[in-house]
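Here's the structure we're looking at; comments come further down.
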Amino acid sequence: MTSPDFEELVDRYYPMLYRFALSLARNEPDACDLVQQTFSIWAAKGHLLRNRTKVKSWLFTTLYHEFISNRRREMRWPKEELSEVENELPAAMPESLDLLEADQVMAALQSIDETFRVPLTLFYLQEHSYGEIAAILEIPIGTVMSRLSRGKQKLQQAFLQAQAPKPADAHVVRIQMRSSTPPMEGEPSHG
Amino acid sequence: MDRREVKLVLQSLRPDDLTTNDPAAIEALVFVESDPDLKAWWETHQAFDQKVASQLKQVPIPSDLRENILNMRKIKQLPPQPPRLGLWLAAAAVMAILCVAGSFMHYAADGPLARADYAAAALPLLHENAPHLAMVSPDHDKLIAWLKENHAPIGTMTSPMNSLPTVGCQKFVIHGHNVTLICFALADGGVAHLFIVDQDALIDPPKKNEPEFGGMPGGWSIVSWSDDRMSYLLATTSGQDALKQLL
């Protein structure tokens, strides 16, 4: 692959790969590392991929595998298979759906378990069908469907929790602590 | 297909692409048209999916990420750089001495070479901490598998090294001898580079289990040692203390 091809490939896929990586790693530096690692592997091995229509899936699969490999060093990958879908799917939607911002969506995604987060992020990136997501994650299609269903439920719960009013007590405690702590010597008292 | 199954299928359909050849999806889409409650649920669900998907696409990308990826590629494409001036001078001095001594045999291709020359040949391959790596992975097992497959020398790594994530590996040929390079990611963000070569490749291999520390131009701290079969050269720009922690 020549450099222009490589640059074209980077331009085409790095934003969505980064967003996928950010949902996995939950912090920007690690997400950037994952994306760079993925393109580095492509630079070394991409020529081995004969079917060029599979580039996108290859990149997402590689990034996911790299994430798993990195994670394996820290802890065992929690193996959770879902045999049953919740009986009743959520009917409630966050009331202020229109007010959702990008950072809130990412924060909500990052707050849910990886088991659901990974297929859900791939789904919302709108680049893959559920069949392709199953291939990337190497799990059955039925498992992808059940994880998407459960994942959406958890995502909605995360939005609802984020939008719930904060307890007023926290503010009271903070005021009390400030008023009961005398300023240190040489430190401004802030009035 | 009951209502629960219909919901399960519908939730797996991408909000931006409802054209599908999947019989189950088609059946679910037909079913939903005949059930007003389900249709209401489906419309609300689609609105939710579309909102989440559109906002996910708005998540900002770090401004330097694209440049970093492309720079990484450029670094990989760089041709081997000539040794720095200091190394040239050192090599010239060694050559001059060897000419006088009539010891050119040591430099014959495939013959054993002096440890100093080995280090002088190996360190420029690191390209100032950005060596060309054929295999990039934090997984030791993957690296070892690649090295075995490519008939590169495989030695015994120390316990601290075994607990560090790897960056990647490469195989070089220096004076006809196969040399392995394994790079480790250090906790401080630096990198340690381990060269492994068969002991027989060196005229004066380091002593067994007696690490010898030193330095090389370019801010490199190095340590070398041997075991029963292999000789090791570990280099980093993170300082000698970083090397000690790896032994």
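No lab work stands behind these numbers, since they all come straight from the coordinates. On a predicted model such as this, the values are computed, not experimentally measured, just so you know. Cβ: placed from backbone, ideal geometry, glycine included. Neighbour counts: every protein chain shown.
Under a 5 Å amide H cut-off, with hydrogens placed 1.01 Å from N, B:GLY168 pairs with B:SER137, B:CYS183 among residues at least 5 apart or on other chains. For the range B:132-247, the residue among B:GLY189, B:PHE213, B:TYR232 whose Cα projects farthest onto the positive side of the dipole built from Cβ charges is B:GLY189. Full extension of the chain between B:ASP204 and B:ASN21 yields a length gain of 58.9 nm, computed as 0.36 nm times the residue separation minus the alpha carbon distance. For the range A:51-68, putting each phi into the Karplus relation 6.51 cos²θ - 1.76 cosθ + 1.60 with θ = phi - 60° gives couplings of 8, 5, 6, 9, 4, 4, 4, 4, 5, 5, 5, 5, 4, 5, 5, 5, 4, 4 Hz, in residue order, rounded to whole numbers and with x for Gly and Pro. The simple spin-label model puts a point 7 Å past each Cα toward its Cβ; for A:ARG26 and B:GLN240 those points are separated by 4.2 nm.
Computed from the alpha carbon positions, the gyration tensor of the range B:106-217 leads to an equivalent ellipsoid with semi-axes of 22, 16, 14 Å, biggest first.
Taking amide H positions as modeled 1.01 Å from N, with prolines and chain starts lacking one, the residues under 5 Å from B:LEU113 and 5 or more places away or on another chain are B:LEU202, B:ILE203. For the range B:161-174, putting each phi into the Karplus relation 6.51 cos²θ - 1.76 cosθ + 1.60 with θ = phi - 60° gives couplings of 5, 4, 8, 8, x, 8, 9, x, 8, 7, 10, 10, 10, 10 Hz, in residue order, rounded to whole numbers and with x for Gly and Pro. Among the trypsin sites (Lys or Arg not before Pro) in the range A:1-64, those located in a DSSP loop and surrounded by at most 14 other Cβ atoms within 10 Å of their own Cβ are A:ARG50. Would you please state which residues of the range B:195-233 a label at B:LEU186 would reach in this model, taking the label point 7 Å out along Cα→Cβ and a backbone N cut-off of under 19 Å? Counting backbone N atoms under 19 Å from the label point, the list is B:195-196, B:211-225, B:232-233.
The alpha carbon centroids of the range A:1-54 and the range B:1-51 are separated by 32 Å. Rounded to the nearest whole Hz, the Karplus-based 3J(HN,Hα) values (6.51 cos²θ - 1.76 cosθ + 1.60, θ = phi - 60°) of the range B:188-200 follow the sequence 7, x, x, 10, 10, 10, 10, 9, 10, 9, 4, 4, 5, with x at glycine and proline. If Lys and Arg each add +1 and Asp and Glu each add -1, what is the summed charge of the other residues whose beta carbon sits under 13 Å from the beta carbon of A:LEU34? Result for the neighbourhood of A:LEU34: -1. Computed from the Cα positions only, the extents of the range B:10-62 along the three principal axes stand at 46, 24, 12 Å, in decreasing order. In a shell of Cβ-Cβ distance under 13 Å around A:ILE141, excluding A:ILE141 itself, what net charge do Lys and Arg (+1) and Asp and Glu (-1) give? After counting each charged neighbour, the total is -2. Spin-label model, A:SER111 to B:GLU67: label points 7 Å out along the Cα-to-beta-carbon direction sit 3.5 nm apart. Amide H contacts of B:MET230: B:GLN199, each under 5 Å away and 5 or more positions distant or on a separate chain (H built 1.01 Å from N in the peptide plane; Pro and chain starts excluded). Near B:ASN21, once Lys and Arg are set to +1 and Asp and Glu to -1 for all other residues with Cβ below 15 Å from its Cβ, the sum equals -3. Our note on the geometry: Cα centres of the range A:107-132 and the range B:163-186, 36 Å apart.
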